[in-house]
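I have placed the structure first, in the form of structure tokens, so that the comments after it can refer back to it.
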Amino acid sequence: MIPTLAGRLQTRIFLLATVGVVLTALIVPVLPGTTGSLARTYGTAYLILLAVAVVGLFWELLYHLLMQFRWDKDWPTLFGLVTIVPEGLLMWVLLEQGLIPGVDGPVAFSTFATMFVFVWVGQWLFANGPMRVVSVQWRLRGGRIV
Amino acid sequence: MLQDAGIPVYDVPLVSVGGGFGSFTLLDVLRICGVPASAMRVLSNSDTPWQTWEYLTRVSQLPPAERIRSDAGARPDNIWGFPSYAVHEAWQDKSPKLLWQVLVEPVFTDFFSPRAATVFATVKREADRISYWDMLLKGQVRMVRRRDGGGYFTLLTPPPGSSPTKRVAFRSQYVHLAVGYPGLKFLEDLQQFRETYNDYHRVVNAYEPHEHVYEFLKTRPGTVVVRGAGIVASRVLQRLMDDRERHGLQTRIIHLFRAFVTGPHGRGPWMRRDGGDGWAYQAFTFPKSAFGGQLKARFRRLEGAERAALYKTVGGTTTPKLRRWQEQMRTGRQGDWYHPMQATVHKVEPTPDGRLVSFVSHGDGTPGHHVSDFIIDCTGLEADMPEHRVLADLLEHGGARRNGAGRLTVEESFEVSGTASGNGALYASGAAVAGNHFPAVDSFLGMQTAALDIAADLARRGFCAPLGSGRSISQWLKWATGRRI
């Protein structure tokens, strides 16, 4: 990918609000390690998704800064995949520390990890293919939606 | 006037002059945007959109099975770039290795690039699908002129015997020019040598057929002077080195760089390009983001001198740092048969025993000379724009202007500035519009960018449908299932 800063931010929000929302809806009923009602799990899952979006905007600023050291000003496909590690770890720490507003009570690591990996990989695959069909111009204007 | 001259006039809403990838890409986009094939014509010397490109790549040592210098997502046959050429070739070859390459590029492997043959085959399929052949008319375009009543006349000389008149004219509201390079440019000292000694055998341009050089070197040991620092120099070196290895030859290579790059270079850590051993390294013809990211946005924002300065920073001659080429050159340097050096050539003369001697000044200013059997000029393609008759006529009579880079000035819609005619518009794409708001015009993705921007402008004028998400998805499904449109 060859994102601009605006493109990064817009794509992050767009993908979470579309692919992320759908994939979360699909994975929640089969998540391991959940306790309590399904509605409660959905609530927690979407709060985590929202947190990924908000914290993600800061991650994007960091990625954009790091990208400036690259001559091509590109963000290789692999980077989009491996950034799951720092982002996932930070999100888990925030969750453990009870710093995600609205999430009360503990979330099992297996629950979190399954959801996070599933949604992340799904979004990454979408961004590296079908997204180009949804908007022909998307890849030609640095990932901007508007 | 045309009728008085006995020239038949045909009406067609849009005419594209050129018939290479530039024309093909625009027509592909416009067909996807719902324009019927009957509303468009391509006027061309070429039988296929890939003919000129195939010729140039082949003679410059890129046979169909070799990989070109282009990104996986730049597919002239598929405006979406999905699935990419990497997925296409992986599927075709049943080779997950290519998928792995595109996943870990460029960090752990070289960038994936498609084979030239993949491009020909997929463009052929798309040309069939969009009825390209029904839109193609062969002939030599003489000129494009504005009409008093709006729109344009395009004058064509059909192939001899194919038409009752020597010329025919097309009356259209829209014209698109994608005529490619005006021609070859030769280094002055080499051109002088060729003209003085009438020797076109030993001094060759890499974009001319020069297979005889490689054949000669198979028959006896020889020395070749290679000049140039771009992708074609790399490919010529690869051919010489491959042959050396494959046939056990004793070829010596003297590689003359006008500017010798010794290492990473640039303004600072945020603008530093890799380089070394003479070369400036870059995966593609521009930094990747110039094709659609940060640099593209910056070029669009800047104007005048600032834009020119950015062109200077990121432009210039480069070649990809491919692992295989690095290995070959290392072997050559260690074996003392590949000699890269900085040198300015003053003149070339024949020796009494039928060889060539290049008189040079080396990088440190010391004079020297190099004797060789052949000289291969790999320095580039770009002749001056007015050498193309249609462009020259457009500059003289059509209201077009040249930009700072000497090419056609265009608006952001790729409409050629100053050429509007009533409710008509004249667009251009490809090499002729370099140096404007978008740098990467002379590339697959660049031509698609131009085509999409032209189509958006034509949609605004009511000529075609806009390419929104709905149309894009439905048209992609048609593409994927191979349905004709």
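The values are calculated or read from the model by the stated rules, or taken from the named source; none is laboratory data. Owing to the predicted nature of the structure, the values given are computational and were not obtained by experimental measurement. Here the Cβ positions follow ideal geometry from the backbone for every residue, glycine too, while neighbour counts run over all protein chains shown.
Search region A:59-75 for residues being outside any helix (DSSP H, G or I) and without any contact (Cβ under 8 Å) to a residue 12 or more places away in the chain, and hand back the single one that is farthest from B:Pro264 (Cα to Cα).
We begin by selecting, within region A:59-75, every residue outside any helix (DSSP H, G or I); these are A:68-75.
From what's left, without any contact (Cβ under 8 Å) to a residue 12 or more places away in the chain: A:68-71.
Values: A:Gln68: 16, A:Phe69: 13, A:Arg70: 12, A:Trp71: 10 Å.
Among them, the one singled out is A:Gln68.
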*Restricting to region B:238-264, what's the tally of residues that are within 24 Å of B:Thr344 (Cα to Cα) and either facing chain A (nearest Cβ under 10 Å) or assigned to a loop (DSSP other than H, G, I, E, B) (or both)?*
7
*Qualifying residue in region B:91-101 (condition: part of a loop (DSSP other than H, G, I, E, B) and surrounded by 15 or more Cβ atoms within 10 Å (Cβ to Cβ))*: no
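Matching residues to (1) more than 14 Å from chain A (Cβ to nearest Cβ); (2) at pLDDT 95 or above; (3) within 30 Å of B:Arg298 (Cα to Cα):
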position: B:Glu382; (1), (2), (3): yes, no, yes
position: B:His397; (1), (2), (3): yes, yes, no
position: B:Val410; (1), (2), (3): yes, yes, yes
position: B:Glu415; (1), (2), (3): yes, yes, yes
position: B:Gly422; (1), (2), (3): yes, yes, no
position: B:Phe444; (1), (2), (3): no, yes, yes
position: B:Ala451; (1), (2), (3): no, yes, yes
position: B:Ala465; (1), (2), (3): no, yes, yes
*Only residues that are closer than 17 Å to B:Met447 by Cβ and within 7 Å of chain A (Cβ to nearest Cβ): list them for region B:74-114, please.*
B:Ile79, B:Trp80, B:Gly81
*If you go through region B:292-310, how many residues are assigned to a helix (DSSP H, G or I) and more than 14 Å from chain A (Cβ to nearest Cβ)?*
6
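Please work out if B:Arg58 is under 28 Å from B:Ala431 (Cα atoms), crowded, with 22+ Cβ neighbours inside 10 Å and away from chain A (no Cβ under 14 Å). Don't jump to the end; show me each part of the working.
Details: under 28 Å from B:Ala431 (Cα atoms): yes; crowded, with 22+ Cβ neighbours inside 10 Å: no; away from chain A (no Cβ under 14 Å): yes.
Here the answer is no, as B:Arg58 does not meet what is asked.
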*Kindly provide the set of residues from region B:384-406 that are more than 21 Å from B:Gly316 (Cβ to Cβ) and among the aliphatic types (A, V, I, L, M), ordered by number.*
B:Val390, B:Leu391, B:Ala392, B:Leu394, B:Leu395, B:Ala400
*asked:* I'd like to verify a number: residues in region B:375-408 that are surrounded by fewer than 18 Cβ atoms within 10 Å (Cβ to Cβ) and in contact with a Ser or Thr (Cβ under 6 Å, 6 or more places away or on another chain), how many?
replied: 3
*Considering only region A:88-104, state which residues are free of Cβ contacts under 8 Å to residues at least 40 places away in the same chain and either over 20 Å from A:Leu23 (Cα atoms) or touching a Gly at 6+ places or on another chain (Cβ under 7 Å) (or both).*
A:Leu89, A:Leu90, A:Val93, A:Glu96, A:Gln97, A:Gly98, A:Leu99, A:Asp104
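Taking region B:395-427 as the region of interest, how many residues are in contact with a Lys or Arg (Cβ under 9 Å, 6 or more places away or on another chain) and either in contact (Cβ under 8 Å) with a residue 40 or more places away in the chain or not in a loop (DSSP other than H, G, I, E, B) (or both)?
Step one: filter region B:395-427 for residues in contact with a Lys or Arg (Cβ under 9 Å, 6 or more places away or on another chain), giving B:395, B:397-399, B:404, B:408-409, B:412-413, B:416-426.
Remaining after also requiring either in contact (Cβ under 8 Å) with a residue 40 or more places away in the chain or not in a loop (DSSP other than H, G, I, E, B) (or both): B:395, B:397-399, B:404, B:408, B:412-413, B:416, B:419, B:421-426.
Residues flagged as in contact with a Lys or Arg (Cβ under 9 Å, 6 or more places away or on another chain) and either in contact (Cβ under 8 Å) with a residue 40 or more places away in the chain or not in a loop (DSSP other than H, G, I, E, B) (or both) within region B:395-427 amount to 16.
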*Can you tell me how many residues in region B:316-327 are more than 17 Å from B:Pro264 (Cβ to Cβ) and assigned to a loop (DSSP other than H, G, I, E, B)?*
1
*Check B:Ala283 against each of (1) more than 14 Å from chain A (Cβ to nearest Cβ); (2) aliphatic (A, V, I, L, M); (3) assigned to a loop (DSSP other than H, G, I, E, B) and name the one condition it does not meet.*
(1)
*Whichever residue in region B:199-256 is touching a Leu at 6+ places or on another chain (Cβ under 7 Å) and of a type in the set (Lys, Arg) and, among such residues, is surrounded by the fewest Cβ atoms within 10 Å (Cβ to Cβ)*: B:Lys218
*Could you tell me whether B:Ala459 is in a helix (DSSP H, G or I), touching a Leu at 6+ places or on another chain (Cβ under 6 Å) and either surrounded by 14 or more Cβ atoms within 10 Å (Cβ to Cβ) or modelled with pLDDT under 95 (or both)?*
no
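May I ask you to verify whether A:Leu50 is over 19 Å from A:Gly142 (Cα atoms) and part of a helix (DSSP H, G or I)?
So A:Leu50 fits the description; yes.
Does A:Trp75 satisfy the condition of being over 19 Å from A:Gly122 (Cβ atoms), at the interface with another protein chain (Cβ under 9 Å from one of its Cβ atoms) and surrounded by 13 or more Cβ atoms within 10 Å (Cβ to Cβ)? If you could, list the steps in order and put the result at the bottom.
Values: over 19 Å from A:Gly122 (Cβ atoms): no; at the interface with another protein chain (Cβ under 9 Å from one of its Cβ atoms): yes; surrounded by 13 or more Cβ atoms within 10 Å (Cβ to Cβ): yes.
When the stated conditions are applied, A:Trp75 does not pass them.
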